[in-house]
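The values are calculated or read from the model by the stated rules, or taken from the named source; none is laboratory data. None of these values were measured; they are calculated from a predicted model. Positions of Cβ are generated from backbone atoms using ideal geometry, with glycine treated the same way; all protein chains shown enter the neighbour counts. Surface accessibility is based on the protein's heavy atoms, side chains included, excluding ligands, DNA and RNA. Shrake-Rupley method; radii C 1.70, N 1.55, O 1.52, S 1.80 Å.
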Amino acid sequence: GFFYDVYAFRIGAAEDRRVAVLFNDITERKRREENLAFLAEISADLAHLTPTEETMNLVGAKIGRFFGVTQCMFAEHTDDFTTAVVPYGWHAPDAPDLRGTYRIPDFLSTELIGILRNGQPLVVRDTQVDPRGSADRYPALGTRSLIVVPLVRDREWRFQISIRHNQPREWRHDDIELMRELTARIWTRLEHAHADDMLRTSAEQLREADQRKDEFLAML
């Protein structure tokens, strides 16, 4: 899981047959380059968010494979902020499909909900030993470790992306930062898509109203 530039060079005379090898750790740079390339790829996918469900499921699959996890979920919260609706997502063939509706307090303690409402990522390395969550509920979801990144707007927790794995995992700092950036970009694009859908619905309703008016006048 590490990357190096490697230089081998001769020391002394040729007949000494001595070689030195220098390893330069470039892991951080390499991961940063890969993360930026992945963000560009996801942004390109989001630019064509039509149809929304198909695109979001595709994006979820790419995120899941990039991080090497078993599930990726996109959740929007209801107005009471105690229920999360998961309309889109991806799961590995051997993992359960998590799309559906969930009561947040069933899985998270008051402490964890407070962290997310403050806009901070939730990072759990092992759901079975972390005392802050409901360990008994996670096995049915196929979740042993997870990152949840919330998006807070006007002091309200509106949206979240989570990646989940079926084994304990030590998450890296750059994993968390990449998830933050993905959450912001995806939510911004979803907001635009929802606004476009509302405009299209309004336009269709106006056309139907005009048609009914024309038919009424024709009948008169």
Among (1) surrounded by fewer than 17 Cβ atoms within 10 Å (Cβ to Cβ); (2) in contact with a Ser or Thr (Cβ under 7 Å, 6 or more places away or on another chain), where does residue 95 come up short? (1)
Within region 38-72, of all residues that are over 14 Å from residue 179 (Cα atoms) and part of a loop (DSSP other than H, G, I, E, B), the one most open to solvent (accessible area, probe 1.4 Å) is 48
Looking only at region 142-152, decide whether some residue is modelled with pLDDT of 85 or more, among the basic types (Lys, Arg) and under 13 Å from the mean Cα position of the chain (by Cα). no
Take the residues in region 20-37 that are among the β-branched types (Val, Ile, Thr) and not in a strand (DSSP E or B); name whichever of them is nearest to residue 149 (Cα to Cα). 27
Hey, residue 70 hits all of (1) among the β-branched types (Val, Ile, Thr); (2) under 25 Å from residue 135 (Cα atoms); (3) more than 14 Å from the chain's Cα centre (by Cα) but one; which does it fall short on? (3)
Residues being touching a Ser or Thr at 6+ places or on another chain (Cβ under 8 Å), closer than 15 Å to residue 183 by Cβ and not hydrophobic (A, V, I, L, M, F, W, C) - total across region 103-158: 1
Selection over region 15-50 where residues are over 23 Å from residue 61 (Cβ atoms) and among the hydroxyl-bearing types (Ser, Thr, Tyr) yields a count of 1
Restricting region 108-136 to residues that are open to solvent by 40 Å² or more (accessible area, probe 1.4 Å) and closer than 29 Å to residue 154 by Cβ, which is nearest to the chain's Cα centre (by Cα)? 120
Take the conditions in a strand (DSSP E or B) and open to solvent by 30 Å² or more (accessible area, probe 1.4 Å) and apply them to residue 76. Does it pass? yes
Scanning region 85-99 residue by residue, the ones that are under 12 Å from residue 64 (Cα atoms) and aromatic (Phe, Trp, Tyr) total 1
For region 105-163, which residues satisfy the criterion of being closer than 25 Å to residue 184 by Cα and free of Cβ contacts under 8 Å to residues at least 12 places away in the same chain? 110, 113, 114, 115, 153, 154, 155
